[in-house]
């Protein structure tokens, strides 16, 4: 597998790990500070997931482009 594709796949794995870590932190916050955690959890989780999802989508798109160009050659 091409080194660049491997790097991009690692980046996607990092994004998935980031989503998981964010969820765990926010779950802990909800348990420790339930009165004000709701809005933080909602806003923080939505923002984090959007950012990480965008990064994963971008990397996936780049891999698709590279693989397509390899098959075209």
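For residues in the stretch 30-53 being surrounded by 11 or more Cβ atoms within 10 Å (Cβ to Cβ), over 20 Å from the mean Cα position of the chain (by Cα) and part of a helix (DSSP H, G or I), which is modelled with the lowest pLDDT? So the residue we want is 37. For the stretch 1-18, indicate whether the set of residues that are more than 17 Å from the chain's Cα centre (by Cα), farther than 30 Å from residue 67 by Cβ, in a helix (DSSP H, G or I) and modelled with pLDDT of 75 or more is non-empty. There is no residue in the stretch 1-18 that is more than 17 Å from the chain's Cα centre (by Cα), farther than 30 Å from residue 67 by Cβ, in a helix (DSSP H, G or I) and modelled with pLDDT of 75 or more. Is it the case that the stretch 63-70 has a residue that's part of a helix (DSSP H, G or I) and modelled with pLDDT under 75? Checking the stretch 63-70: at least one residue is part of a helix (DSSP H, G or I) and modelled with pLDDT under 75.
The values are calculated or read from the model by the stated rules, or taken from the named source; none is laboratory data. Computed from a prediction, not measured in an experiment: that's the story for all the values here. For neighbour counting, all protein chains shown are included, and Cβ atoms are generated from backbone atoms with ideal geometry for every residue, glycine included.
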